[in-house]
């Protein structure tokens with residue numbers, strides 16, 4: 001890491017060295033402004049005086065032709081010299097600051113220009129297109145705990161946007177002092193807001209606020225900061241050892257966390273495999289249950305069909321039996337109807353037969369009828385004991401005769 005501030009200066013050089021100084025600097029120092037040496041001089045005036053002298057000789061002496069030619073040649077040479085000395089070439093990406101009698105009158109853009117008058121000159125050539133890098137290592141910056149940091153390197157880029165204001169107001173040498181002071185102040189203010197243990201966070205941190213503050217300070221000099229960052233921060237050696245121990249512990253903790261993460265992932269993968277296996281087993285059982293359910297549904301459907309068939313058969317049997325009984329009842333009714341009709345037709349014959357049978361039965365009954373025994377008693381007296389005794393002896397006999405009479409018939 002660089003231990004020195006970048007240096008900015010202005011140089012005085014001839015027109016041929018301006019390009020090299022603006023692009024490459026001088027002895028490791030930045031040169032954004034070059035003051036060119038005036039190369040015109042008054043040599044052409046001597047040639048003009050000589051031309052006037054020879055012109056006078058051509059008029060006053062006999063050497064008219066040769067003196068006139070020599071005077072014309074000298075005058076032409078003086079004009080060519082004056083033309084050559086009046087040419088000013090401004091490099092691309094630079095701007096010339098023009099002055100007259102020491103007062104700045106304007107700027108000259110890149111290209112060729114002519115300054116005919118001797119009192120017109122270019123005071124400075126300013127690089128207005130290049131973003132000039134500037135490095136500023138700040139040593140012993142205290143933090144919020146008042147711990148001095150070993151160093152903080154601050155890097156920025158700036159560009160001169162107003163060459164007249166830059167050259168007239170401050171100049172390159174003074175700008176170097178102002179810029180280094182402003183950068184140190186900004187860095188120290190930033191480090192004061194940071195804890196020591198978080199000092200490394202300044203590396204590559206956002207320094208937009210610092211850039212804006214520097215632009216506000218340096219804007220009146222015609223300079224604009226185009227970029228800034230903090231590339232490196234170095235802590236004190238003792239604190240670095242402390243941080244090294246903390247980093248070692250942090251690395252061990254990180255290794256343990258990674259190992260635990262791998263173990264956790266392994267266990268999670270195992271659990272996921274078990275879950276997938278359980279899902280497959282569950283799916284297989286679900287398939288079996290569905291198959292059993294379908295089989296049961298088929299069995300129930302077949303049973304229902306069989307029962308419906310049996311019920312249909314029983315229904316048909318009942319219907320057939322009912323039809324048969326109905327047919328038999330109808331036939332019997334028809335037979336009875338026909339029998340009734342035949343009975344009705346043979347009623348007279350039956351009545352005759354019945355009467356004849358009645359007569360036969362009456363005759364047989366008359367033949368076997370018992371003969372009555374009359375026991376007479378005295379008039380006016382009731383039944384006597386003798387008549388009762390006789391009646392008791394005769395009744396069994398009479399009943400026995402009557403019992404054998406049907407068989408005898």
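What follows is calculated from the coordinates using simple rules that are stated; it is not laboratory data. Bear in mind that the values here come from a model prediction, so they are computed numbers and not experimental data. No Cβ is skipped: glycine too gets one built from the backbone with ideal geometry, and neighbour counts run over all protein chains shown.
Using R0 = 25 Å, the C-beta based FRET efficiency linking residue 205 and residue 177 works out to 0.40. Distance between the 7 Å Cα→Cβ label points at residue 355 and residue 157: 16.1 nm.
Computed packing ranks the peptides 333-339, 160-166 as 160-166, 333-339, most packed first, by mean other Cβ atoms within 10 Å.
Take the Cα of residue 259, step 7 Å toward its Cβ, do the same at residue 336, and the gap between the two points is 11.1 nm. A full extension of the chain between residue 251 and residue 114 corresponds to an added length of 42.3 nm, given 0.36 nm per residue minus the alpha carbon distance. Modelled spin labels at residue 289 and residue 73, positioned 7 Å past Cα toward Cβ, are 12.5 nm from each other.
If R0 equals 35 Å, the separation of the Cβ atoms of residue 145 and residue 12 corresponds to a calculated FRET efficiency of about 0.10. The listed peptides 252-262, 217-227, 141-151, ordered by packing as a protection proxy, come out as 217-227, 141-151, 252-262 (highest mean of other Cβ atoms within 10 Å first).
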